[in-house]
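Beneath this line is the structure, given in structure tokens, with notes to follow.
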Amino acid sequence: MRRVLIAGNWKMNTTRVPAVALAEGIAEKANDFDSLDLAVCPPSCYLDAVGRAIAGSKVGLGAQNMYHEREGAYTGEISAAMLCDLGCRYVILGHSERRHILGETDGAINQKVLAALAAGLTPIVCVGELLAEREAGQTFAVIGRQFDGSLAGLSAEQMSNVVIAYEPVWAIGTGKVATPQQAEEVHLALRKLIEKRYNEGLAKGVRIQYGGSVKPENAAELLKQPDIDGALVGGASLKVDLFLGIAAGAL
Ligand code: 13P
């Protein structure tokens, strides 16, 4: 069965001292969530400090991005091997902010996904449509294109180690959460895409998180949907009680 994964994407927030306090606060109570997987994804400059703060707990460490090359003259970039060295288990790839603000393409994301998998990391690969695309009835076409492009060329075994996050762009940081039905139908469509390319067994095993204005108040209803296997949380992951309140919605 798929284990629920609740992951906090801290984005470009916090500084070292509050980052460590937040991580410690989550780690302290993590044992109340034995049936779930929990992860925190701090800014890369705090991965080391946060990794130490959660050491020995069940909370996993994740990065928010990486570069696909192994090493070399790539100023400002971080490799998969470096993330492993810091104790990361996960890496968020293709987040909509990287797609739309920083111009990341499906092709670039695909190279990162393959490099992350080769290094033994679990990529959390984000897909999601813009409001204009949803209003134009293009949601499924956009999701299909992002799935095909970002996850091109993965073997079945590689695919089984991927987590997908459906994050409708219009729901991110807006307080406008997708309804459980809106989210579920896209999650189901993604599972069908996996089934079509691989097989039913594999499709049933891949975890698909929802992200976009998840809060303790709406988490349970979303997480109850048959194809929603967790949450990728932005704003509410910056407070211990809100993040764990969301996790409680999955128990
Ligand atoms: P919010 O939870 O702040 O809407 O952000 C969602 C997100 O982008 C997580 O990756």
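Side notes on the structure shown:
- Average accessible surface for the chain: 44 Å² per residue, computed with a 1.4 Å probe over protein heavy atoms with every protein chain in place.
- Segment 1-68 and segment 187-205: distance between their alpha carbon centers, rounded to Å: 28 Å
- Rolling a 1.4 Å probe over the protein heavy atoms of the chain, with every protein chain left in place, gives an accessible area that is 52 percent carbon and sulfur.
- Rg/Rh ratio calculated on Cα atoms of segment 117-251 (Kirkwood radius): 0.96
- Gained length - residue 85 relative to residue 15, 0.36 nm times residue gap less alpha-carbon distance: 23.0 nm
- Relative contact order (percent, whole number), the chain, Cα cutoff 8 Å, 6+ residue spacing: 21 percent
- Residue-span extension gain [residue 157 to residue 2] - 0.36 nm each, minus C-alpha spacing: 54.2 nm
- Pair residue 105, residue 138: separation of 7 Å Cα→Cβ label points (nm): 1.7 nm
- Between residue 118 and residue 77, the simple label model (points 7 Å from Cα in the Cβ direction) yields a spacing of 1.2 nm.
- Radius of gyration and maximum dimension Dmax of segment 193-251, Cα, Å: 13.3, 40
- Note on segment 76-125: Rg/Rh from Cα positions, Kirkwood definition for Rh, rounded to two decimals, is 0.96.
- Semi-axis lengths, Å, segment 1-137, gyration tensor of Cα atoms, sqrt of 5 times eigenvalues: 25, 19, 15
- Here's the list of aspartates and glutamates a cross-link from residue 239 could span, going by alpha-carbon distance under 14 Å and ignoring same-chain residues fewer than 8 apart: 24, 28.
- Stretched out straight at 0.36 nm per residue, the stretch from residue 225 to residue 55 would grow longer than its current Cα-Cα span by 58.0 nm.
- If you wrap segment 174-225 in the convex hull of its Cα atoms and look at it from every side, the mean projected area works out to 3.7 nm².
- For the chain, the Cβ-based charge dipole about the Cα centre amounts to some 100 debye (Lys, Arg positive; Asp, Glu negative; other atoms uncharged).
- Ratio of the Cα radius of gyration of the chain to 2.2 N^0.38 Å, where N counts its residues: 0.93
- In the chain, the calculated helix contribution to ellipticity at 222 nm averages -12000 deg cm²/dmol per residue, counting -39,500 (n - 2.57) for every DSSP H run with n ≥ 4.
- Inter-label distance for residue 31 and residue 192, nm, one decimal - labels placed 7 Å from Cα along Cα-to-Cβ: 4.5 nm
- Low-density loop cleavage sites - trypsin sites (Lys or Arg not before Pro) in segment 124-192, where at most 14 other Cβ are within 10 Å (DSSP): 176
- Partner aspartates and glutamates for residue 112 [C-alpha distance under 14 Å; skip if fewer than 8 residues away on the same chain]: 69, 71, 77, 104
- Across segment 232-246, computed HN-Hα scalar couplings (Karplus, 6.51 cos²θ - 1.76 cosθ + 1.60, θ = phi - 60°) run 10, 10, x, x, 6, 7, 8, 10, 3, 5, 5, 4, 6, x, 5 Hz from first to last residue, x flagging Gly and Pro.
- In angstrom, the C-alpha Rg and Dmax of segment 1-79 are 13.9, 44.
- Over 32 Å (Cα to Cα) - which of 196/224; 11/192; 29/176; 29/196; 11/224 fall in this group: 29/196
The values are calculated or read from the model by the stated rules, or taken from the named source; none is laboratory data. The structure displayed is predicted, hence computed values, not measured ones. In this analysis, Cβ positions are derived from the backbone assuming ideal geometry, glycine residues included, and neighbour counts consider all displayed protein chains. For the accessible areas, the whole protein counts, side chains as well, though only heavy atoms, and no ligand, DNA or RNA atoms are used. Shrake-Rupley method; radii C 1.70, N 1.55, O 1.52, S 1.80 Å.
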